[in-house]
1. Taking segment 345-380, which residues are more than 22 Å from the chain's Cα centre (by Cα), modelled with pLDDT of 85 or more and surrounded by 14 or more Cβ atoms within 10 Å (Cβ to Cβ)?
2. If you take the residues in segment 484-493 that are in contact (Cβ under 8 Å) with a residue 40 or more places away in the chain and under 25 Å from TRP461 (Cα atoms), which one is surrounded by the most Cβ atoms within 10 Å (Cβ to Cβ)?
3. Enumerate the pairs (first residue in segment 63-86 and surrounded by 15 or more Cβ atoms within 10 Å (Cβ to Cβ); second residue anywhere and among the polar types (S, T, N, Q) and assigned to a loop (DSSP other than H, G, I, E, B)) with beta-carbon separation below 7 Å, excluding pairs fewer than 6 apart on the same chain, so at least 6 apart or on different chains.
4. State all residues of segment 440-456 that are more than 15 Å from LEU341 (Cβ to Cβ), surrounded by fewer than 22 Cβ atoms within 10 Å (Cβ to Cβ) and among the aliphatic types (A, V, I, L, M); if no residue qualifies, say none.
5. Examine segment 92-101 for a residue that is of a type in the set (Gly, Ala, Ser) and either out of contact with any Lys or Arg (no Cβ under 6 Å at 6 or more places or on another chain) or modelled with pLDDT under 90 (or both), and state whether such a residue exists.
6. Among (1) of a type in the set (A, V, I, L, M); (2) crowded, with 17+ Cβ neighbours inside 10 Å; (3) over 26 Å from the mean Cα position of the chain (by Cα), which single condition is ALA96 missing?
7. Out of everything in segment 390-408 that is modelled with pLDDT under 90 and in a loop (DSSP other than H, G, I, E, B), what residue ends up being farthest from ALA357 (Cα to Cα)?
8. Does ARG104 fit the bill of being of a type outside the set (A, V, I, L, M), modelled with pLDDT of 85 or more and surrounded by 21 or more Cβ atoms within 10 Å (Cβ to Cβ)?
Amino acid sequence: MSNLGLMRATSRVRQSVTPAPVIPLRRHVYIKGRKYLSHTAYSVQPGTHSIVSGPLNPPLSELTLPNFYRTQILPHHAPRPALISRHEHNVRWDFAEFDIQIERMARGLLAAGIKPGDRVATIMGNCSAYAVLQWACARIGAIIVTMNPAYQVHEILAALNAVAASTLILTPIVRKSPLLQGIFDALPTLASTSSGQEIHDPVLSSLRRIFVVDNTGDNARFRTELGRRPCAVDLAEIASAQYGPEPQDEAEKLLNRVLGQHDVINLQFTRHEPPKYYRLIGSFSPKAIVQAVSEERCTALHGVPTHFIGVLEELDRVGSSVDMSSLRTGIAAGSPVPIDLMRKLIERLNLHDLTIAYGMKQTSIVMRSDEEGTLWMHTGDQAVIDREGYLKITGRIKDLIIRGGENLSPVQIENCLTSHPQIVEAAAIGVPDKRFGEAVGVWILLRPDATSFSRQEAVDWVKAKMNPQNAPVWVWLLGEAGVPPELPKTASGKVMKNVLRDWANNLLPSGDISLMR
């Protein structure tokens, strides 16, 4: 399966195809007749849509991350800026300094008893410590397990058991949730465990140690709290275990004062050349992002559509007082990017080279056949491939609206609605209908300065730009009486259509919101 080289990202495509010529399986996948096909479309052979092939160059690198850093980064880019985190006392590291921090952390982890192959779980957030930890774990051969910062305590415990983590590294509070206190309350044996002893608790049979990253801004007070929690160890002490506290060591002092803050960053480097730097922001803040881009002259901006919408709204607020012209590229992922939003990102943020990424974490590794012999990863997405080989995701199969036997695309309806100058976001769902089976229902978030927008205006807008059957029968304006103020979203910014369907079912019988048919 790995020889196919086609599983970096997958899609579930339903289409009629013509018979395909026989081509060596090591480079192509082909099918005959009408069937479901899961594949990645990089290029299409002339005259048929049934053959797709992935790029063969450049070849995959077999370097490990530590070897890549030592052989590709340090010899050529050591003095270049690597990481800037102004919310952590204005931390600024070049790649040489970053390597020092990685090495100290790696030595400290080994001294703390973490061995190659151990699973190190972390809920830390966007901070320099997290950036260092990822590379330090790779350097010693430990497996880092990044956990969703939106997890509640019971979800954290379930995840720790599922991966058999031996170590947990976290901040006491993540996104205003007191995770540390909750975990100590959930593990009854911690109260009787002496400092320095390994943890042995039946709730988490594999967990042996918990390290705490100080994000309170007051080390003295935090250490006093740790006195009542004998198994919690300040990560700064772990990182400096091999060297001892030397006030004259500027690198050590820097490491001690920057361990903390919020949210998550996945810090990696590009294959051939590292970026200028990563600018860390504690948690999502449109104001902080606009300020960082303007002052640090950032060239790339990554995020989900919700993040980009927030940045555009912040630009509306501050006007022309900031300069975003340094931006050139970036990645948008997580959910479909409306066409109108893409136009605004090009026009207002100069993101002419923005990449719309599509894929799943499950396809980032070599896929193995399951017990039934299935070789394809079924993503549940609906897509089409054009004659030039471009693959377009048209929505989730389960979100498809089937009205009177006709398939309607929620994404196309949403793109139509967000092209309206007063609409910021829109989500389309299928609402049960006695006559057609399903009817179109839409949830609309208006601009803060929107004036006199009616539900009928939304209907007329869709009818004018699409086939009439796409026009909504039900329209909910977010923030109105009885309607939540914003779309429900996952931690990664994806709209939760299942929640919207539940909301619709609750609102329809009560008659809180209705639209004349």
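The values are calculated or read from the model by the stated rules, or taken from the named source; none is laboratory data. Fair warning: this is a prediction, and the values are worked out from it, not measured in the lab. Don't worry about glycine lacking a Cβ; one is built from the backbone with ideal geometry, like all the others, and counts go over all protein chains shown.
1. ARG348, ASN350
2. By that ranking, first place goes to LEU487.
3. If the second residue must be among the polar types (S, T, N, Q) and assigned to a loop (DSSP other than H, G, I, E, B), no pairs are left.
4. Of everything in segment 440-456, those that are more than 15 Å from LEU341 (Cβ to Cβ), surrounded by fewer than 22 Cβ atoms within 10 Å (Cβ to Cβ) and among the aliphatic types (A, V, I, L, M) turn out to be LEU446, ALA450.
5. yes
6. Exception for ALA96: condition (2).
7. GLY404
8. Yes.
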